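Visitor: Sharing a structure with you now.
Please treat every number below as a calculation from the coordinates, not as lab data. Computed from a predicted model, the values in this text were never measured in an experiment. Virtual Cβ from ideal backbone geometry, glycine too; neighbours counted across all protein chains shown.
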Amino acid sequence: MANFLAQFQSIKTSFDRVIIAVEDVSDLWPLVKEGFEERLPFKLGFLNNKTRNAVPVDELPVEYILTTDSRIRSRFPQEQSLFWFREPYATVVLVTCEDLDEFKTILKPRLKLIVQNDEREWFVVFVSKAPVHNDLATKMAKKVYAKLEVEFSSKKRERCCKLDIHGPDANFWEDLELKVTECIRNTLDRRIQFYEDEIRKLSEQRFMPIWNFCNFFILKESLAFMFDIAHLHEDSLREYDELELCYLETVNNSGKQRDFGGMDHGDDQAAVLELGKKALTQMVQDDDSFREFEFRQYLFACQAKLLFKLNRPFEVASRGYSFIISFSKVLALHESILPFCMREAWVINACSALIDATSSHYKDGLVAADVEQEFYRVQGDLYSLCRTKLMRLAYLIGYGSAIQRSPVNSASLSMLSWPKPAVWPSLPPDASSEVLVKEKMILQEIPQVKHFGIQRKPLPLEPTLLLREANRRRASLSAGNVFELFDGRANATDGSALPSPLPKAHAISMLRTNSSPGNFESMIDRPMRLAEIYVAAEHALWNTISDADLKKSLSSIEEFEQKYLELSKGAADNYHHSWWKRHGVVLDGEIAAIYHKLGNFDLAAKLYEKVCALYAGEGWQNLLAEVLPNLAECQKILNDQAGYLSSCVRLLSLDKGLFLTKERQAFQSEVVRLAHDEMKHPVPLDVSSLITFSSNPGPPLQLCDGDPGTLSVTVWSGFSDDIVLESFSLTLTATNSADEGIKALKSSNATTLKPGRNTITVSLPAQKPGSYVLGVLTGQIGQLRFRSHSFSKGGPADTDDFMSYEKPTRPILKVFSPRLLVDLAAAVSSALLMNECQWVGIIVKPINYPLKGAILHVDTGPGLSIEQHAIEIERYDDGSCDSCDFGVSEGSIDCESHGSAEPKQLTLKDAKIELPDWASNVTSILWIPVRAISESLARGTQAGAAVSQRQSVVEGLRTIALKLEFGVSHNQTFEKTLAVHFTEPFHVSTRIVDKCNDGTLLLQVILHSQVKASLTVHDAWLDLQDGFTHTGKGDRRPTSAYFPLTISSKSRAAILFSIGLENALIKNQVEAVHPDSILNIQYGISGSRIHGAHTPMDAEPVASDDSVKQLNFRSSLALLRPVLDPCLAVGFLPLPSSGLRVGQLVTMKWRVERVRDLGENIVSENNDEVLYEVNANPENWMIAGRKRGHILLSAKQGSRMEISILCLPLVAGYVHPPQLGLPDVDEAHISCNPPGPHLVCVWPPTISSSYCIPASA
Amino acid sequence: MASTACFMIVSKNDIPIYEAEVGAAPRKEEAAHQHQFILHAALDIVQDLAWTTSAMFLKGIDRFNDLVVSVYVTAGLHTRLMLLHDSRNDDGIKSFFQEVHELYIKTLLNPLYLPGSRITSSHFDTKVRALARKYL
């Protein structure tokens, strides 16, 4: 059946629509043809597909052909069945008749004959030529039509319709279309059934030897074609898919070695979208199958055509891409028989064709977003595939230098194996001049030196060395020596050679001699050199490639670059459209490289920036390190100083491992050079990635309100060398209040940053209370104003951490609200010894504030002086340590646990004490030796007399004004005045215990201990005043000496002295010497300074067995001589026994008696008169009579007089009775005998009924 | 063991936080560059595919000549474990990913590790390499 292929193809090309045969019985066609054809194509029909599902067909092109037409008539029956799809799908029988008889006799038999002959689908169109106004003719026509209907229509199927030529009949055309469609549908069903059966039959024989793919193909494609012309494209596509599957199966399964194809000239141009490129007869082989190369492309072209008809260009693209990939693999399998690089050329061609076709068919926005995205992605893939293959070809012919050695190119090319022809093309005989040209090109090639002198191994563009690969595949070469092979490898283009200039120069000269034309011919058998390989490949390629465009693209480096740019742009654009930004941006980088090379630095810089932004944003530093130097170079050329600086800084901030130290130094020197020399105007720059800073590890600096301080900041420099910052400033941001604003800390001194970690201290003025974090670091390097926002690089572990900005910011500074920072208090509240050197304790209590370097100013008040003695300091333990050493005479708490390293002795300089550092955070106690000075002598009092304690307290009070300067820079002060109480050890009181008959008086001296310490009296003596004398031994000592006498704290003791009155003579002599008696006491004190009074420092024993030095205490005592006998005696006469009552008068009586004569020295004129006065509380008593008056009393001893006063008690209870006083007489001369009562009882008044008030009132 | 394999962990911000050449082939300096490039470009595909499936393991999402990119996307942080490999041992790769995922979770539990920052733990590195030897 392969013979039919040619015919089949011609039918296919000439035949493109459904045919409807017109059986023109009554020669009506010319009349109605126009009407019939102008309503084509049919619309709104439903056809059944292979699975008998109704498929709507929007538009069905139909052709009416008369049955008499030669196209239908002249066919052989065999052909008819094979190409049944081109037979008419319906037969329209056009009749007219105006007479019933004529119908019966002529028309009906003829119609029956036409209709019965086969299974054609037919129907009758009755054309009525009757004019509208002619009723008769119309009627007749109706009758004939009715007959016709009776004859040919059945209940099942209407086969007649009527067309009024002259009458309006709109329904007819619809009727006609319906009927035609129905016929087509039926015919189609039948034909599908037929083809299906045939195909099934053939399919069953698929694995038999007689199987002939051509037959299967013709049947299958006929079916597909039939679907196609019936506009059932979807079904048609399915048939083609099945056909492809079937073909692949036969190709893969048949054991026969078959011809692959692809050897013809022009085969390198893909026929993926061109159906008619090769006739089917050209593809056939052995009469039973097709050559794979052509046939698979043919099938794909058919599918693509249908997909375009279905308006699915995106599917063409995606199917096309996978087809190209899979077909490329097939080509690789047959590469050895195909022309050199046929595969690459084909792929390039196929991709371009596919891109052009699909993009021209594609309209934006018609499909769902994801489909569109996918379409663009495939387009991008096609472009980049095309690009890769183009690069490979270009490399083969020596344009490798024009290809950027970027990761994308390297990855694409170095993993793509070399073409594997059976034999590597050899050098054509007359190509020596071309070889020279190529060699020259190789030599002239400028080695790609990156900006900044970055030397990194260029990425490979080749899977293996081309030189070796080409020579290995040369048939003529017998086992090449490896050294020989590498003879010419000094060419830097090979990628493996190190770009060191010295060997290269050497190689140049060597090559020159080697490649002189003279000895060229004789070198056929030696390994080919690179230039020769290039030339050979070029020649072979020109033989392979028939596409003029591709040839042109490869004709020169410029043309290649043009094409390369075009493809890269296409790929990048499409990837961007498909939201594959990474793919897109990478290709943007490639475009930029071309622009860079071509000198279009502006565009290049823009594109490079895009690439860098992507890589930097996503932190792919390796990739960034490739591109960033290029960007920097462009910016430098464009004189974009800010951009260039920023690029340099970014280069510096990349991972240190990515560049050599030398390169990094180059970056830095660029920055410094620009900043200091080139730039005229300040340029701001963000260096957050390079210079980072953070607070020092550990707690934040704590300051109190108003404290200035020194802030220590860790700054990380990413520079490779030291860099000098002319100035810098740091901002502090308050975290608690937004409105606080930002404080800048400036340092105008030049600071040198070492690479890595630096600690910078900034002086900090006083800040408002709050918590602060570091804000921005700004500074200046030459004209460069840099700025860094990063602040949280904690340590070296995460120096390369890009996420550091997500770390919570740590406060660097805390400024507290004003509060009490320290407290000073007196350690002891009890009194200290007056006039002795005493420790006064001052508790220094820091309240969560370090007192480092604090200075205490001590200013003693009047009457207090600081002794020349070392000041002691110790840890204060709030009493917790008290138990361990109370009573220790040193008076210092010396717990061993407190570490002996703590200094305890301090010195006072200019009334200032510097507190030691260890005491900065602990409560400590300062012991200052002081002495309170009091000139006055203590005075004893009489026992029983009220002693004003207050007076002595006030006298013993001394003050110490303290001022503590502390804080970071001694800005904080705390002032307090402490009151310290001093006292004498004893308070002395006296009384005469007894008066003996012999005139000896026993004087009791009572000692009250005034201090909180144990006092020991060692000795006591009394220096008596005039008028008194010691009786007894006369050693002025007490009568009984039980010394030492210990008096514990706050208790009393007494000693007795026996004294007598002195006679007057002696008295006069010593009067001036002893106005008062003086009590001398020698005593010792044992007390702790933490409790109060203690042994004075200068009295402390030198050694433990030494007796305590005794202290002296003196107190003056006023002794009164005993009183003489009284002159007058006043006696209170008893009150009436009935008692006193309120409101009852009572007479108070006193008896005044002169006991003896008045002394001779009492001279008075009216000696016989005595003034009296009655004192009574007027609230208690009403006194009737004279309260004050004179009574007459004779001056003689024994005279007596009675005074009576009438009194009225006013209140009930115990009240003081009225007292009688004699104001003129000294109290000492009055003896009260018997004495008056202290209180008297006054009864309430008697109940008197007359005062009663009736209860009812 | 695969001759070429490059393993990389990419954080949700597309930042590589861990990378290791775990192939048996001798290390080539330039290979690392290419591998990074291929894995980086594969992120484009992951971003499309990750949301179309509930599976964490996306096998063979991208092919680059002979090399295949397999990806494992974690559920919570959308961290991507990416492996560029030339072996076809899907089960091994899956196990490898699962075990590395566990390791990664352990790293995340470390209070001193800041999620999204580079993994510098040498312990992690050793473990990953051991897993690679075991499964790939």
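Visitor: Given a Förster distance of 41 Å, report the FRET efficiency between B:Arg133 and A:Trp918 from their Cβ-Cβ distance, rounded to the nearest 0.05.
Guide: Numbers: r = 58 Å, r/R0 = 1.41.
The formula returns an efficiency of 0.10 here.
Visitor: What list of ³J(HN,Hα) couplings, whole Hz, do you get for region A:821-834 from phi and the Karplus terms 6.51, -1.76, 1.60, once you set θ to phi - 60° and write x for glycine and proline?
Guide: 9, 8, 9, 10, 8, 6, 6, 10, 9, 7, 6, 10, 7, 6
Visitor: What net charge is computed for the residues neighbouring A:Leu1002, neighbours being all others with C-beta under 10 Å from the C-beta of A:Leu1002, Lys and Arg scored +1, Asp and Glu -1?
Guide: Neighbour charge sum, excluding A:Leu1002 itself: +1.
Visitor: For region A:1-70, state which GluC sites (Glu not before Pro) are in a DSSP loop and have at most 14 other beta carbons lying within 10 Å of their beta carbon.
Guide: Passing sites in region A:1-70 are A:Glu38.
Visitor: Quickly work out the A:Ala744-to-A:Ile1183 label distance, labels modelled 7 Å from Cα along the C-beta direction, and quote it in nm with one decimal.
Guide: 9.4 nm
Visitor: Considering chain B as a Gaussian network with a 10 Å cut-off on Cα pairs, which listed residue, B:Gln47, B:Gln98, B:Gln36, attains the greatest mean-square fluctuation?
Guide: Judging by the Gaussian network model, the answer is B:Gln47.
Visitor: So, one more: Report, by chain and number, residues whose modeled amide H sits under 5 Å from the one on A:Ser771, excluding near sequence neighbours (fewer than 5 apart, same chain).
Guide: It is A:Thr735, A:Asn736, A:Val815, by chain and number.
Visitor: Let me ask another. When Lys and Arg each count +1 and Asp and Glu each count -1, what net charge do the other residues less than 9 Å away from A:Ala141, Cβ to Cβ, add up to?
Guide: Local charge sum for A:Ala141: +3.
Visitor: Further, regarding this structure: Under 5 Å between amide hydrogens, which residues at least 5 positions from A:Gln942 or on another chain qualify, with H placed 1.01 Å from N in the peptide plane?
Guide: A:Thr990
Visitor: Residue by residue, what Karplus-based ³J(HN,Hα) values in Hz, rounded to whole numbers, does region A:314-319 have, using 6.51, -1.76 and 1.60 with θ = phi - 60° and x for Gly and Pro?
Guide: Each residue of region A:314-319 in turn: 5, 6, 4, 5, 5, 5 Hz.
Visitor: Add +1 for every Lys or Arg and -1 for every Asp or Glu among the other residues with Cβ under 11 Å from the Cβ of A:Glu984, and state the total. Show your work: numbers first, answer last.
Guide: Numbers: positive: A:Arg939, A:Arg1114; negative: A:Glu836, A:Glu955.
Result for the neighbourhood of A:Glu984: 0.
Visitor: Assuming 0.36 nm per residue, please report the length gained on full extension of the stretch A:Glu87 to A:Lys450 beyond their Cα-Cα distance.
Guide: Length gained, A:Glu87 through A:Lys450: 123.4 nm.
Visitor: Which pairs break 32 Å Cα to Cα here: A:Lys363/A:Lys636; A:Lys768/A:Lys845; A:Lys743/A:Lys904; A:Lys569/A:Lys662?
Guide: A:Lys363/A:Lys636; A:Lys743/A:Lys904; A:Lys569/A:Lys662
Visitor: Give me a single rounded figure for A:617-628: the average over its residues of other chain Cβ atoms within 10 Å of their Cβ.
Guide: The mean count of partner-chain Cβ atoms within 10 Å per residue comes to 4.
Visitor: Next up: Between A:Thr759 and B:Thr52, what FRET efficiency follows from the Cβ-Cβ distance if R0 is 51 Å, with the result rounded to 0.05? Please report the intermediate quantities before stating the final value.
Guide: On the way: r = 53 Å, r/R0 = 1.04.
With R0 = 51 Å, the Cβ-Cβ based efficiency is 0.45.
Visitor: Once amide H atoms are placed 1.01 Å from N in the peptide plane, what residues at a sequence separation of 5 or more from A:Leu832, or on another chain, have their amide H within under 5 Å of its amide H?
Guide: Here A:His981, A:Phe982, A:Thr983 satisfy the definition.
Visitor: Explain nothing, just compute: Karplus ³J(HN,Hα) = 6.51 cos²θ - 1.76 cosθ + 1.60, θ = phi - 60°, for every residue of region A:7-13 in order, whole Hz, x for Gly and Pro.
Guide: 4, 4, 5, 5, 4, 4, 6
Visitor: Would you please state which residues of region A:1005-1025 a label at A:Leu937 would reach in this model, taking the label point 7 Å out along Cα→Cβ and a backbone N cut-off of under 11 Å?
Guide: So the set is A:1023-1025.
Visitor: For peptide B:101-114, how many partner chain Cβ atoms fall within 10 Å of a residue's Cβ, on average? Working shown, then result.
Guide: On the way: counts 0, 0, 0, 0, 0, 0, 0, 0, 0, 0, 0, 1, 1, 9.
Rounded to a whole number, the mean comes out at 1.
Visitor: Once Lys and Arg get +1 and Asp and Glu get -1 on their Cβ, which of B:Tyr104, B:Val73, B:Ile93 lies farthest toward the positive end of the dipole of region B:5-135?
Guide: Looking along the dipole axis, the top candidate is B:Tyr104.
Visitor: Let me ask you something else. Can you pull out the GluC sites (Glu not before Pro) in region A:429-459 whose DSSP state is coil and whose Cβ has at most 11 other Cβ atoms within 10 Å?
Guide: In loop regions of region A:429-459 (DSSP not H, G, I, E or B), there are no sparsely surrounded GluC sites (Glu not before Pro).
Visitor: Also, I was wondering about something else. Pairs to check: A:Lys50/A:Lys305; A:Lys597/A:Lys656; A:Lys33/A:Lys142; A:Lys563/A:Lys597; A:Lys329/A:Lys420; A:Lys12/A:Lys305. Give those whose C-alpha atoms are more than 18 Å from each other in this structure.
Guide: A:Lys50/A:Lys305; A:Lys597/A:Lys656; A:Lys33/A:Lys142
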